[in-house]
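Readers should treat all values here as calculations from the given coordinates under stated rules, not as data from a laboratory. Since the model is a prediction, treat every value here as computed from it, not as a measurement. Cβ placement follows ideal geometry from the backbone for every residue including glycine, while neighbour counts extend to all protein chains displayed.
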Amino acid sequence: MTLSPRESTPALLQIDAILTRLTGRQALEEVCRFLRGSFRHYRWVGIYRVDGPTLVLDAWDGAQATEHTRIPIERGVCGRAAREGRTVIVDDVRSDPEYLACFLETRAEIVVPIRDRDHVLGEIDIDGNSVGAYDGSDRRFLAAVAAMLCGARGAAAAGPPPS
Ligand code: SME
């Protein structure tokens, strides 16, 4: 699956509109809903916040909830992306020994850090149902989304959102 600029540019404008209209947890939830609703290969979308040594799930959209609402930073694909401060794409989760399973149908995963310069504040975590679902076009698009989340007032950059 490849995201063309024709698909990704209007999506970034929509996300900008969401982040102008909403703040805090509502904004994050709406971004998750928008991403999942817009791209068929984004089957589960979550946004984690770094809270000391733990990743805490702030918002998500998908068919089912995950049991992994708090992930120690030394564990999982999510932990790897946060520790290394870089995007991780797993083509086939069944061959990644660090993968923490959430959903039976998941076959691929992409995790993109939300960073403020060298500091990882959180991450976007997306699961897909086919092997090799994600490529450089997803990496670039989601890095742009992460940059917008970092800049948004009340989003991951601002710490715990109001409950
Ligand atoms: N698979 C992730 C855990 C989070 S779920 O995908 C929602 C991991 O290995 O860190």
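Annotations for the structure displayed:
- Simple point charges give the picture: +1 on the Cβ of Lys and Arg, -1 on the Cβ of Asp and Glu, and for the stretch 27-163 a dipole about the Cα centre of about 260 debye.
- Relative contact order for the chain, counting Cα pairs under 8 Å that sit 6 or more residues apart, in percent: 25
- Alpha-carbon Rg/Rh ratio, for the stretch 53-121, with Rh computed the Kirkwood way: 0.94
- Rg and Dmax of the stretch 1-78, based on Cα coordinates, read 13.8, 39 Å.
- Of the complete DSSP H runs in the chain, those spanning 18 angstrom or more by Cα along the long axis with a mean Kyte-Doolittle score not below 0.0 are 136-151.
- Taking label points 7 Å from Cα along the Cα-to-Cβ direction, residue 54 and residue 2 give a separation of 4.3 nm.
- Site pair residue 33 and residue 14 shows an inter-label distance of 1.3 nm when each label is modelled 7 Å from Cα along Cα→Cβ.
- Put in line by how crowded their Cβ is, counting other Cβ atoms within 10 Å and starting with the fewest, 91, 138 read 91, 138.
- With only the Cα atoms considered, the chain has a convex hull volume of 100 Å³ per residue.
- Taking amide hydrogens as placed 1.01 Å from N in the peptide plane, the amide H of residue 122 sits under 5 Å from those of 50, 114, each at least 5 positions away in sequence or on another chain.
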